[in-house]
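The values are calculated or read from the model by the stated rules, or taken from the named source; none is laboratory data. Since this is a predicted model, take the numbers as computed values, not measurements. Reconstructed Cβ throughout: ideal geometry from the backbone, glycine too, with neighbour counts over all protein chains shown. Just so you know, the surface numbers come from the protein's heavy atoms only, side chains and all, with ligands and any DNA or RNA stripped out. Shrake-Rupley method; radii C 1.70, N 1.55, O 1.52, S 1.80 Å.
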Amino acid sequence: MIQKIHALMLKNIKTTTKLAFMLAIPMLGLIYLATTITLDKLNVVRQMNTLQTFSEITVKSSALIHELQKERGISAGLTSSNSNKLFSNLQKQRLKTDNAIQKLSVIDFDNINVSNKLRLLISEENINKKRHTIDNSYISFQQQIIYYSDL
């Protein structure tokens, strides 16, 4: 009896409607898969962008560290020798260090998790204050080494 009712119901439905019902489930499955794959690919793109930013930070930070190490060496030599012969070399090195800081500061740190301590350490104001104390011999050789090592 139930089969007869189903057969009669299906008999009254147009062929195009039957075809639409048969294709609806596979189409919904395809839409689900396409959406899932697209979202996964979007996540990969975001991760790759973050990785690219971190790679850029690593390269520019490494260059800054190198320039700071050279500045530390010249500063230490200037302080320990009590001679102004190295002062012009120190000024040239500070320009190179400032250039490395500038290259690092153009990176948008707001989109990644970078501590405020790092931002403060590489701030131009902070570095210029320390340079002033070094130039005027307000800081000992040991304090200079500690400052540059921390930086």
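Could you go through the range 71-86 and let me know if any residue there is open to solvent by less than 50 Å² (accessible area, probe 1.4 Å) and of a type in the set (Lys, Arg).
Step one: filter the range 71-86 for residues open to solvent by less than 50 Å² (accessible area, probe 1.4 Å), giving 71, 73-79, 83.
Adding the requirement that they be of a type in the set (Lys, Arg) leaves none.
No, because not a single residue in the range 71-86 is open to solvent by less than 50 Å² (accessible area, probe 1.4 Å) and of a type in the set (Lys, Arg).
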Would you check which residues across the range 16-41 are open to solvent by less than 100 Å² (accessible area, probe 1.4 Å) and not β-branched (Val, Ile, Thr) and list them? Lys18, Leu19, Ala20, Leu23, Ala24, Pro26, Gly29, Leu33, Ala34, Asp40
Between residues in the range 131-142 that are within 12 Å of Arg72 (Cβ to Cβ) and touching a residue at least 24 places away in the same chain (Cβ under 8 Å) and residues that are surrounded by 10 or more Cβ atoms within 10 Å (Cβ to Cβ) and aliphatic (A, V, I, L, M), which pairs lie under 9 Å by C-beta distance while being six or more apart or on different chains? Arg131/Leu90; Ile134/Leu78; Ile134/Leu90; Phe141/Ala76
Thr35 is checked against (1) in contact (Cβ under 8 Å) with a residue 12 or more places away in the chain; (2) over 30 Å from Ile134 (Cα atoms); (3) not aliphatic (A, V, I, L, M) and fails just one. What number does that condition carry? (1)
